[in-house]
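Everything below concerns the one structure shown next.
The values are calculated or read from the model by the stated rules, or taken from the named source; none is laboratory data. The shown structure was predicted, so the numbers you read here are calculated from the model rather than taken from an experiment. Neighbour counts run over all protein chains shown; Cβ positions are idealised from the backbone, glycine included. Surface accessibility is based on the protein's heavy atoms, side chains included, excluding ligands, DNA and RNA. Shrake-Rupley method; radii C 1.70, N 1.55, O 1.52, S 1.80 Å.
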Amino acid sequence: MEKKILEVKGLKTYFYTEDGIAAAVDGVDFEVAKKETLGIVGESGCGKSVTALSIMGLLESPPAQIAAGEIIFKGEDLLKKSDKERRNIRGNEISMIFQEPMTSLNPVLSVGNQIGEVLRIHQRLKKQEAADKTIELLDLVGIPLPERRIKEFPHQLSGGIRQRVMIAIALACNPSLIIADEPTTALDVTIQAQILELMKDLKEKLNTAIMLITHDLGLIAEVAQNVMVMYAGQIVEYADVDRLFEQTMHPYTIGLLESIPGVDLEIDRLDVIKGLVPNLYDLPQGCRFHPRCKDARTVCKEKEPKLYDLKGHKVRCFKYSGTW
Amino acid sequence: MGLFQYTVRRILFLIMVLIGVTIAAFIISNTVPGDPLVANLGQTAMSDPEIVERYERRWGLDRSLPEQYLIYMSNLLQGDMGTSIRSQRPVIDDLKQYFPATFELATLATLLSIIFGLIFGIISAVKRNKLIDHFVRAISVTGISMPAFWLALMSLYLFYFLLDIAPGSGRLSADFSGFSLQTGFLIIDSISAGRFDILKNALYHMILPALVLAGATMGIITRTVRSSLLDVMSQDYLRTARAKGLNETVVIMKHALLNALIPTLTIFGLSYGNLLGGTVLVESIFDYPGLGWYAYISATTLDFPAIMGATILIALVYSVMNLLVDVTYGIIDPRVRY
């Protein structure tokens, strides 16, 4: 068994607002092993990003609060640590890449300053040492002329280069885990492919574990070993990438796969999942997916299915309960 | 370098603005009814044809208006702004006497308002909707909405008349009236003369009018800092800064404040320019011999050379302040330079 780096147990992250309590993450368990890439898939609002921000400790509280659960990183529960201890882990041992490279960099600080800052606070490098390391990092993420780039400001860089800078910031302290939240979504298709190549490359070189959050199943197929599908704050399916694509079980995952447009298929209409993601303030009774599910029966409306474990392939659906 | 070219461009722009201001001031003072000879020379001198002729030649009064303007400008460039009717002294000397007083007062008031405005604005934004935020906002609204003349009268009444802890009026106490000024700036002159008793006395005279002047500006700065900081705090790059593991002080003071200062900078510059232009009401109430007081007296006595001189000086000060703001923008915000 590979050693696990991150273990999330029964995580519940709730938002306490005037409209009521929204269970953005509602009892999520998973693990990330060393060097593993775990893909997390789901529609907007399913709880992927909130899970990531809970691990990072970056949720604004109030309104957000972690109501229950444990986030065990290298054997220690992050939720029991002080703010200072968590800051020392953030950007150092666990780092994060965000979706919007256009707005995620500070417009008034130079690239060199923004990367070097991480090295100065976590590794206590001197200014010159940090500058040297920054040039190495920019080179590593494939930015040409790094000596010139460190003096430039974000507005002088293209979206692709900015995302490479974000990756360089994330890699600066050789983290054990990188959380990438939709790292390619905001980029042009050709740039997406380049960033994807870069991430695959770096993964081989650096052996970092990655949690890749996306709604792009194509991206998952390319880089992830294991995949976790989330819906309305819960895990609905979990499997290794081959099994997930070959023996897809959950009707929601099947729907997601069918909504990918294919080039070689002669169909006019895509099969899309009908309806919308449920309102977190007003979740449906029974299975949270049943109002949109083609296969729903009476039991689905009445009882909530648990996550059935079929030899490592987990699925939250009564079809696999053995009594369907 | 981008910043250098940017600055040069701004300076050229400033020169154009100043030319515009002098033209406007010149035309206005020439369209005002009244014979400049009568206004400037007075009855006795008018009866002497030689004086009249000399005066006409000096200011080109027998020529066309554009020529007169060019003559005025060439005199101005040599530091000759004419003679004040009221004081019978060269306007430039009057300005040299009154401007330093205003400069010292305005600078102190601006420093006070920036320091307190920034502190209050940051506290208010970081602790938004908490008790301290409401308290700070109440103070800033009070500062903004209280008329300066009323605040000046009240503070003079309270601190001078009732409590007797503040001096009444002027720049210095009568005991120091013999102190001769070199630069006109009391702070500089007293330090260079090693007279710290005079420095103390000058500051003592300045503090109350400076606080009164700072009140309104501080309120505006507090509100601007608060709102722009709140705006910046919801930006993605602050989340990035926190994700790096920076502590909250660095996140706010480095990543957020630098961005929030950009809109605030305009307020700093405008209010400083405003105060430097002289604050007629406060200077009159505190009987503080500054530029505002001088402009006021000149206007009431129709002293046109003095009014022109004061106008041009105030425009110059305003333009230089705006130049400084623009250059500071260029330093803080790299996007402005291009």
Problem set entry | 5 angstrom amide H check on B:SER87, placed H, neighbours 5+ away | none
Exercise. Considering the dipole of the protein assembly as shown built from charges on the beta carbon (Lys and Arg +1, Asp and Glu -1) around the Cα centre, which of A:THR184, B:TYR160, B:LEU112 is farthest to its positive end?
Worked result: A:THR184
Exercise. Once both axes come from the Cα atoms, what is the angle between helix A:127-140 and the longest principal axis of chain A, in degrees from 0 to 90, rounded to 10?
Worked result: 50 degrees
Problem set entry | Cβ crowding within 10 Å averaged over residues, with A:47-53, A:105-111 ranked highest first | A:47-53, A:105-111
For this session: Count the lysine pairs in chain B whose Cα atoms lie under 30 Å apart, taking only pairs 8 or more positions apart in sequence or on different chains.
Result: 6
Exercise. If the limit is 18 Å between Cα atoms, which of A:LYS274/A:LYS319; A:LYS274/A:LYS306; A:LYS3/A:LYS74; A:LYS126/A:LYS205; A:LYS12/A:LYS319 go over it?
Worked result: A:LYS274/A:LYS319; A:LYS274/A:LYS306; A:LYS126/A:LYS205; A:LYS12/A:LYS319
Exercise. Between A:ALA67 and A:ASP83, what is the spin-label point distance in nm, taking each point 7 Å from the Cα along the Cα→C-beta axis?
Worked result: 2.5 nm
Seminar exercise, completed: Output ordering of A:247-254, A:306-313 (per-residue mean of other Cβ within 10 Å, highest first) is A:247-254, A:306-313
For this session: Could you work out which residue, out of B:ARG57, B:ARG171, B:ARG223, moves most in a Gaussian network model of chain B, that is, has the largest mean-square fluctuation with Cα springs under 10 Å?
Result: B:ARG57
For this session: Convert each backbone phi in region A:71-87 into a coupling constant with the Karplus relation 6.51 cos²θ - 1.76 cosθ + 1.60 (shift: θ = phi - 60°), then list the ³J(HN,Hα) values in order as whole Hz, x for Gly and Pro.
Result: 10, 9, 10, 6, x, 10, 6, 4, 6, 8, 8, 6, 4, 5, 4, 5, 4
For this session: Return the percentage of antiparallel bridges among DSSP beta bridges fully within the protein assembly as shown, rounded to the nearest 5 %.
Result: 65 percent
Problem set entry | A:SER259-B:SER227 pseudo-label distance in nm [points 7 Å out on the Cα-to-Cβ vector] | 4.0 nm
Exercise. Any idea of A:VAL189's accessible area? Nearest 10 Å², probe 1.4 Å.
Worked result: 120 Å²
Exercise. Assigning unit charges at the beta carbon (Lys, Arg +1; Asp, Glu -1) and nothing else, what dipole magnitude in debye, to the nearest 20, does region A:147-240 show about its Cα centre?
Worked result: 480 debye
For this session: For region A:139-296, give the share of DSSP beta bridges that are antiparallel, in percent and rounded to the nearest 5; count only bridges with both residues there.
Result: 55 percent
For this session: Treat every Asp and Glu Cβ in chain B as -1 and every Lys and Arg Cβ as +1, leave all other atoms uncharged, and give the resulting dipole magnitude about the Cα centre to the nearest 20 debye.
Result: 1740 debye
Exercise. What FRET efficiency do you get for A:ASN207 and A:THR185 if R0 is 30 Å and r is their Cβ-Cβ distance, rounded to the nearest 0.05?
Worked result: 0.75
Exercise. 222 nm [θ] for the protein assembly as shown, helices only, -39500 (n - 2.57) per DSSP H run of 4+, per residue, to 500?
Worked result: -17000 deg cm²/dmol
Problem set entry | Estimated FRET transfer efficiency (B:VAL336, B:ALA45; beta-carbon r; R0 56 Å; 0.05) | 0.55
Exercise. Using the membrane-span-like helix rule (whole DSSP H runs, Cα extent along the own axis of at least 20 Å, mean Kyte-Doolittle hydropathy at least 1.0), which helices of chain B qualify?
Worked result: B:2-31, B:91-126, B:131-145, B:196-233, B:257-276, B:304-332
For this session: Go through B:LEU12, B:THR311, B:LEU257 and say which Cα lies farthest out towards the positive end of the charge dipole of chain B; charges sit on Cβ, +1 for Lys and Arg, -1 for Asp and Glu.
Result: B:LEU257
For this session: Can you figure out the FRET efficiency of A:ASP29 with A:LYS127, using R₀ = 30 Å and their beta-carbon distance, to the nearest 0.05?
Result: 0.10
Seminar exercise, completed: In nanometres, the difference between 0.36 nm per residue of separation and the alpha-carbon distance of B:MET154 and B:ASP93 is 18.6 nm
Seminar exercise, completed: Pseudo-spin-label distance A:LEU283 to B:TYR204, built 7 Å along Cα→Cβ, given in nm, is 7.3 nm
Exercise. Nearest-5 percent of antiparallel DSSP beta bridges in chain A?
Worked result: 65 percent
Exercise. Given the protein chains as shown and a 1.4 Å probe, how many square angstrom of A:THR323 are accessible, to the nearest 10?
Worked result: 120 Å²
For this session: Return the average number of partner chain Cβ atoms within 10 angstrom of each residue Cβ along peptide A:98-105.
Result: 4
Exercise. A:ILE40's amide H: which non-local residues (gap 5+, or another chain) put their own amide H closer than 5 Å, with H modeled 1.01 Å from N in plane and none for Pro or chain starts?
Worked result: A:LEU212, A:ILE213, A:THR214, A:MET228
Exercise. Say a paramagnetic label sat at a point 7 Å from the Cα of B:LEU111, along Cα to Cβ; which residues of region B:216-244 have their backbone N under 11 Å from it?
Worked result: none
Seminar exercise, completed: Env charge @ A:GLY275, Cβ radius under 13 Å, K,R +1 / D,E -1, value +3
For this session: Mind checking the full-extension length gain between B:THR183 and B:ARG128? Use 0.36 nm per residue of separation minus the Cα-Cα distance, one decimal, nm.
Result: 15.2 nm
Problem set entry | Candidates per GluC sites (Glu not before Pro) in region A:216-317, loop by DSSP, up to 12 other Cβ within 10 Å | A:GLU266
Exercise. Could the peptides A:159-168, B:67-76 be put in order, highest first, of the mean number of other beta-carbon atoms found within 10 Å of their residues?
Worked result: A:159-168, B:67-76
Exercise. Taking amide hydrogens as modeled 1.01 Å from N in the peptide plane, which residues meet the under 5 Å criterion relative to A:VAL236, leaving out close sequence neighbours?
Worked result: A:VAL229, A:MET230, A:TYR231
